[in-house]
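Worksheet: the structure to be examined is printed underneath.
Every number here is computed from the coordinates shown, using simple stated rules; none is lab data. Here the structure is a predicted model, which is why all the values come from computation and not from measurement. Every residue, glycine as well, gets a Cβ built from its backbone with ideal geometry; the counts of neighbours run over all protein chains shown.
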Amino acid sequence: MKASRIVLGVLLVGFLCSKVQAATRSNIARYCCEKYSRKHIAWKLIESYELTKSSCSLSAVIFTTKKGQKVCADPAAQWTQKYVASLKSRQSLT
């Protein structure tokens, strides 16, 4: 019984650590990414972006889709840089 509680606790902590949530009114994410998404995300699905904290082991851009899904992207990738620039210009218009 005690072992199952420990396993459940470890799984819960792992699950919570893997979730990426947006910081309010900031482009700095609360959590870190473990790896980059392998797939290029369609522009029409993107709502916003955040940057991981400097204390994270992996520097990443976290895109939030219109459905609220968080996707970690390589900041050096050309498509990522293009999306960030477009989102910045969209933010400056509002």
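Please work out which residue is surrounded by the most Cβ atoms within 10 Å (Cβ to Cβ), limiting yourself to segment 64-94 and to residues that are in contact with a helix residue (DSSP H, G or I) (Cβ under 7 Å, 6 or more places away or on another chain) and part of a strand (DSSP E or B). So, considering only residues that are in contact with a helix residue (DSSP H, G or I) (Cβ under 7 Å, 6 or more places away or on another chain) and part of a strand (DSSP E or B), the one surrounded by the most Cβ atoms within 10 Å (Cβ to Cβ) is 73.
Go through segment 51-94 and give me each residue that's free of Cβ contacts under 8 Å to residues at least 24 places away in the same chain, among the β-branched types (Val, Ile, Thr) and in contact with a strand residue (DSSP E or B) (Cβ under 6 Å, 6 or more places away or on another chain). Those that are free of Cβ contacts under 8 Å to residues at least 24 places away in the same chain, among the β-branched types (Val, Ile, Thr) and in contact with a strand residue (DSSP E or B) (Cβ under 6 Å, 6 or more places away or on another chain): 61, 80.
For segment 65-94, the candidate set comprises residues that are touching a Phe, Trp or Tyr at 6+ places or on another chain (Cβ under 7 Å) and not hydrophobic (A, V, I, L, M, F, W, C); within that set, the residue that is farthest from residue 30 (Cα to Cα) is 83.
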